[in-house]
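Below is one structure, written out as structure tokens; the observations come after it.
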Amino acid sequence: MLWYRVCVYIVQGSNFQSKKRDFCKSAMANLILPSLARRLQRTPPHLFLLSDIIPSLSSSPSPSSQLPFHFLFHALHQTSLIPTLQTHHFSTFQPFSAHNLDDPFDFNHPRFRTYDPHDRFLLRFLELLREITHYPSEAEAMTSLDDSGIEVNSEMIYSAVWELREEWRLALLASRWSEKWGCADEKSSNLMIWVLGNHRKFNTAWCLIRDMHQSKVDTRRAMLIMIDRYASANDPCKAIGTFHIMEKFRLSPDQQAFHTVLNALCKYGNVEEAEEFMFVNKKLFPLETEGFNIILNGWCNISLDIFEAKRVWREMSKCCITPDATSYTNMISCFAKVGNLFDSLRLYEEMKKRSWVPGLKVYNSLIYVLTCQNCLEQALKILAKMKGSGLQPDSATYNSMIHPLCEAKMFEEARNILTVMMEENLGPTMETYHSFLEGASFEGTLEILNRMRKAGLGPTGDSFLIILSRFFKLGQPENALKIWVEMKQYEVEPSHTHQSVLVQGLATCGWLTKAREFYADMRSKGFAEDPKLKKLLKEPAQDSMHKGKWRVQHLNREGWVNHGKGSRVRWKILRNKSRRKKKEIKKSNLEL
């Protein structure tokens, strides 16, 4: 019904308040109208039957004919005797992401850091930029920089923009001042556009792209960065619109740009929009395996929707697209993450029969799902088989066992795997430490953080997000506040996400006064207002057991029972009435 209303809204041409969104309107119309019938015909996930879906994953009529019976029977028999370990979708631990491409727009990657952050000229330049923050006008700030006598080059400007990535106004000032020195090159301009996109200053970024275009600087990479940043801002419409207006900058929207849009949309969770975009443009960009693999990766490793992944797999067959090794790797990864041991092994056997050589990620997936299903012994056999095939396990391989073991509170077994890992000259990674954080006490948490620092592996912002979330989940806000203080000791600057998790956790645990204090501090630091948090802080501390109108909430010493907004009833009266009723029933039975 929702998609029908959206379609009617677009077809009727309802008034948009801004003409800037015309291209967005047409893009969404092109996406929605051709696919409406396919959407409405799509079966809801809960109506899928395993017998209807699984055969479509294989050309063989019998699933058992492709499985190693001696191995599979033992594994499945073992899982039937032992309670299954719970499997979850982890945001910070994905050791076998099947399509983990090197992100070309991730400026956090070490390959972009070609400068010395401790250079004295750079530090002096940054200090001067911060000193002129409060100047009333940009012209006065520029004059002050001119009179400073500092000489800059393109590398220093790039370094300054990176160091000021959280202060976009100062970064932009440095970028504009560099134009006077003739050192505003494409590299630093692209970084500036990325910074502006992170702060959702897209209008300013477009002005910078226009200036680059007028200066005869190549804007292709800048446009692709804009697509990526729009997708990260959860605005798939404008990401697609940017692709369509590339021609206005004399750029050809080729296959690489097309795949950039697909990757960007999928990477930030807009997998459905990416799929529709691929089908709508199939005349210009014919359907092929790589495009389907990007969509599969989105459903399998980002959204983790097994039903949609199976549907896309069937769609590949309908479009006569032959799955390759990456396709199988994606599907096996997805089945493993949802704890489906049978189909993970089944596709593994099918993959080998079709002459595709399983890679390290496939074996990591199998090891993970076997460990989750209480088949640690069989997981170790897979590890041995992997070594026998010439593949060397990496840290992700052992993390695929350590993480589910820690989640199942099997810390002794996890430590044994860690010992084997270190014997293979593979040191623990950040993911390894994060796994052990799942069950550590407050003192144990501090010990792990110290070990991480000594090993040069953080802790990072993600480490503290895991810790804060866990303590709030356990109902220990006091420990969460202690960890919040520890963050400063490890030089981790709290981000908007940290602040939000802290405020929400404190409010949920009933510490509204503290939550309001931290929210006020959050706003004073320039973080945007969060409507959800604001609403949460306005309401009195209520948890689920306070919401029912007639739900019994509290029994005090005098014997009162509170029924929410209803009247209060004397518990003793109710108890006496119940006793009298029982006596009457017993008496009547004796008379009979």
Residue match in segment 332-349 (condition: assigned to a helix (DSSP H, G or I), farther than 11 Å from Phe292 by Cβ, among the polar types (S, T, N, Q) and within 27 Å of the chain's Cα centre (by Cα)): yes
Counted residues, segment 241-279 - those being open to solvent by 10 Å² or more (accessible area, probe 1.4 Å), over 21 Å from Arg221 (Cβ atoms) and either in a helix (DSSP H, G or I) or not small (Gly, Ala, Ser) (or both): 4
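Quickly run through segment 302-359 and pick out the residues that are of a type in the set (Gly, Ala, Ser) and in contact with a Cys (Cβ under 6 Å, 6 or more places away or on another chain).
Quick first cut of segment 302-359, residues of a type in the set (Gly, Ala, Ser) only: 303, 309, 317, 325, 327, 333, 336, 339, 344, 355, 359.
Hits for segment 302-359 are Ala309, Ser333, Gly339.
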Some residue of segment 193-204 being charged (D, E, K, R), within 30 Å of Phe121 (Cα to Cα) and over 24 Å from the mean Cα position of the chain (by Cα): no
Sole residue being under 13 Å from Ile294 (Cβ atoms) and either free of Cβ contacts under 8 Å to residues at least 24 places away in the same chain or in contact with a Gly (Cβ under 8 Å, 6 or more places away or on another chain) (or both), chosen from Val271, Val261: Val271
Flag if Thr329 is surrounded by fewer than 19 Cβ atoms within 10 Å (Cβ to Cβ) and modelled with pLDDT of 95 or more: no
Neighbours by Cβ (under 6 Å, 6+ apart or cross-chain): first from segment 459-474, in contact (Cβ under 8 Å) with a residue 60 or more places away in the chain and among the hydroxyl-bearing types (Ser, Thr, Tyr); second crowded, with 22+ Cβ neighbours inside 10 Å and in a helix (DSSP H, G or I): none
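Taking the criterion of being among the hydroxyl-bearing types (Ser, Thr, Tyr) and under 23 Å from His213 (Cα atoms), would at least one residue in segment 264-282 satisfy it?
The answer is no, given that none of the residues of segment 264-282 is among the hydroxyl-bearing types (Ser, Thr, Tyr) and under 23 Å from His213 (Cα atoms).
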Residue that is modelled with the lowest pLDDT [pool: residues in segment 501-538 that are acidic (Asp, Glu) and open to solvent by less than 80 Å² (accessible area, probe 1.4 Å)]: Asp530
Neighbours by Cβ (under 7 Å, 6+ apart or cross-chain): first from segment 200-211, on the phi < 0 side of the Ramachandran plot; second open to solvent by less than 60 Å² (accessible area, probe 1.4 Å) and of a type outside the set (A, V, I, L, M): Lys201/Trp168; Ala205/Gly197; Leu208/Ser189; Ile209/Thr219
Matching residues, segment 157-181, being under 16 Å from Met142 (Cα atoms) and either open to solvent by 70 Å² or more (accessible area, probe 1.4 Å) or in contact with a Pro (Cβ under 8 Å, 6 or more places away or on another chain) (or both): Arg169, Arg176, Glu179, Lys180, Trp181
Near pairs, Cβ below 8 angstrom, 6+ apart or cross-chain, from segment 514-535 (within 15 Å of Thr497 (Cβ to Cβ)) to any residue that is of a type in the set (Lys, Arg) and open to solvent by less than 90 Å² (accessible area, probe 1.4 Å): Tyr519/Lys534
The one condition in (1) outside any loop (DSSP other than H, G, I, E, B); (2) within 24 Å of the chain's Cα centre (by Cα) that Leu380 fails to fulfil: (2)
Residue tally, condition open to solvent by 10 Å² or more (accessible area, probe 1.4 Å) and either in a helix (DSSP H, G or I) or not aliphatic (A, V, I, L, M) (or both), over segment 384-402: 11
Options Lys282, Lys238; residue that is outside any helix (DSSP H, G or I) and either within 23 Å of Glu308 (Cα to Cα) or touching a residue at least 60 places away in the same chain (Cβ under 8 Å) (or both): Lys282
Some residue of segment 306-323 being open to solvent by 30 Å² or more (accessible area, probe 1.4 Å), aliphatic (A, V, I, L, M) and in contact (Cβ under 8 Å) with a residue 12 or more places away in the chain: no
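The values are calculated or read from the model by the stated rules, or taken from the named source; none is laboratory data. If you're wondering where the values come from, they're calculated on a predicted model, not measured in any experiment. As a convention, Cβ positions derive from the backbone with ideal geometry for all residues, glycine included, and neighbour counts pool all protein chains shown. We work out accessible area using only protein heavy atoms, side chains counted, and drop any ligands, DNA or RNA first. Shrake-Rupley method; radii C 1.70, N 1.55, O 1.52, S 1.80 Å.
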